[in-house]
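For reference, the structure discussed in these notes is given below.
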Amino acid sequence: MRLKISLIEISSEVIPHHLNESDDDISTVSHLLVEALTKGMPSEVVDIDEGKVFMASLLSSRLIEGIPYNLDPSRWGGKYYSGDVSATIGETLTYAFLEEKFDVKFTDIVPLRQVKYLGYSPDALVDAGKSPTLLTYLGGKGFLFINARGSFRWSQNWLTRNLVRDLIQVEKIRYPDNYGLLSYVYRDEGWNLAGVVIRP
């Protein structure tokens, strides 16, 4: 399958971290990120083997069967996915993308499903030092904390709203020394991944 990618990088310095910064500050950052992501879409296309999609689906926080089957738009005939299926597709294609683009082994992705629902944990983490390609891309050792979302249809409001939530959630754990990946998978004339990489 083909996955169209738009990936941007930001420094941790542009994200509000202190009590004297307002909620409007994080909303402003979110709006600017959405603008940058939509201007650069897509920056590349990655071909992902269906077998890797199946393997990646086993790491999802919601164990749903037949994710490669659910990626076929004709299966749904325009009907929207349920929240669980959309979330699983988001996680699955994010992990498959990391494997294909950065040689991250599936065995090196640590799902955090046991603590995710407590509200302070992203979906997964990867030790960047275990993938030379990822280590070179990030430019330093540390953990990459991953938060992934999925949607059957593109909506700028969906992306903006979730960026605010996800920046807050990932920063609770990532800040100040590690890396973050906020991934948004959606269907718009094929599957797309809009990603924000946060650097320390």
(message) Every residue in region 1-55 that is part of a strand (DSSP E or B), more than 16 Å from the chain's Cα centre (by Cα) and among the hydroxyl-bearing types (S, T, Y), please.
(response) S11
(request) Name the single residue, out of those in region 147-200 being outside any strand (DSSP E or B), surrounded by fewer than 23 Cβ atoms within 10 Å (Cβ to Cβ) and of a type in the set (K, R), that is nearest to the chain's Cα centre (by Cα). (result) R165
(message) Consider region 154-176. How many of its residues are in contact with a strand residue (DSSP E or B) (Cβ under 8 Å, 6 or more places away or on another chain), within 17 Å of H18 (Cα to Cα) and not charged (D, E, K, R)?
(response) 4
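Look through A87, A96 and report the one residue that is closer than 24 Å to W158 by Cα and modelled with pLDDT under 90. Write out each step before concluding.
Values: A96 fails: modelled with pLDDT under 90.
Step by step, each of A87, A96 is checked, and only A87 is closer than 24 Å to W158 by Cα and modelled with pLDDT under 90.
The values are calculated or read from the model by the stated rules, or taken from the named source; none is laboratory data. Bear in mind the structure is a predicted one, so any value in this text is a computation, not a measurement. Cβ: placed from backbone, ideal geometry, glycine included. Neighbour counts: every protein chain shown.
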